[in-house]
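Chemist: Please read through the structure below; I'll follow up with questions.
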Amino acid sequence: MKPALLVFAVLAACAPAPVHGPEDSVVPGTIGLAVREHESRVVVAAVGQGSPARVGDVVLRYNGEAIASTRQFYRLVADSAPGSMARVEVLRDGAPRTLEMPVEQLDLTPRV
């Protein structure tokens, strides 16, 4: 067997099984807000219509996990299942609050 064919055969044998159907697909979630880092804190920068969050809220926890960076926050939100509820703990005006926010499916439709 030629070396190139051998490499291809090994790679093909190690490849993950293909994903079939919507039940196997990963759909990212969103809670309709944007955050930014400010003074080593994750702060709400923009909110969608009807959101219980406010611009300026400091995000402390997402579903019980302490938030240390915007990257971590967005990863946790994207990994949330659409249709579930997210518990977002924030600091607003010096007082902690827990917000319940619905997780929606992230719209991945290309914009023209």
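The values are calculated or read from the model by the stated rules, or taken from the named source; none is laboratory data. Everything quoted here is computed from the prediction, not taken from an experiment. No Cβ is skipped: glycine too gets one built from the backbone with ideal geometry, and neighbour counts run over all protein chains shown. These accessible areas exclude ligands, DNA and RNA; they are computed on the full protein's heavy atoms, side chains included. Shrake-Rupley method; radii C 1.70, N 1.55, O 1.52, S 1.80 Å.
Chemist: Return the tail of the calculated pair distribution for segment 18-112, meaning the percent of Cα-Cα pairs more than 21 Å apart.
Modeler: Tail of the P(r) past 21 Å holds 31 percent of the pairs.
Chemist: In whole Hz and in residue order, list the ³J(HN,Hα) couplings for segment 98-112 that follow from phi through the Karplus curve 6.51 cos²θ - 1.76 cosθ + 1.60, θ = phi - 60°; x for Gly and Pro.
Modeler: Per residue, the Karplus-derived 3J(HN,Hα) values read 10, 10, 9, 10, x, 8, 10, 6, 5, 6, 9, 5, x, 8, 9 Hz.
Chemist: Here's another thing I want to ask about it. Which residues' amide hydrogens lie under 5 Å from the amide hydrogen of residue 61, considering only partners 5 or more residues apart or on another chain, with H built in the peptide plane?
Modeler: Close amide H contacts, sequence-distant or interchain: 67, 89.
Chemist: Just to confirm the filter: which GluC sites (Glu not before Pro) across segment 31-67 are DSSP coil and have at most 13 other Cβ within 10 angstrom of their Cβ?
Modeler: Passing sites in segment 31-67 are 39.
Chemist: Hey, what's segment 28-112 come to in accessible area per residue, 1.4 Å probe, Å²?
Modeler: Per residue, segment 28-112 has an accessible area of 63 Å².
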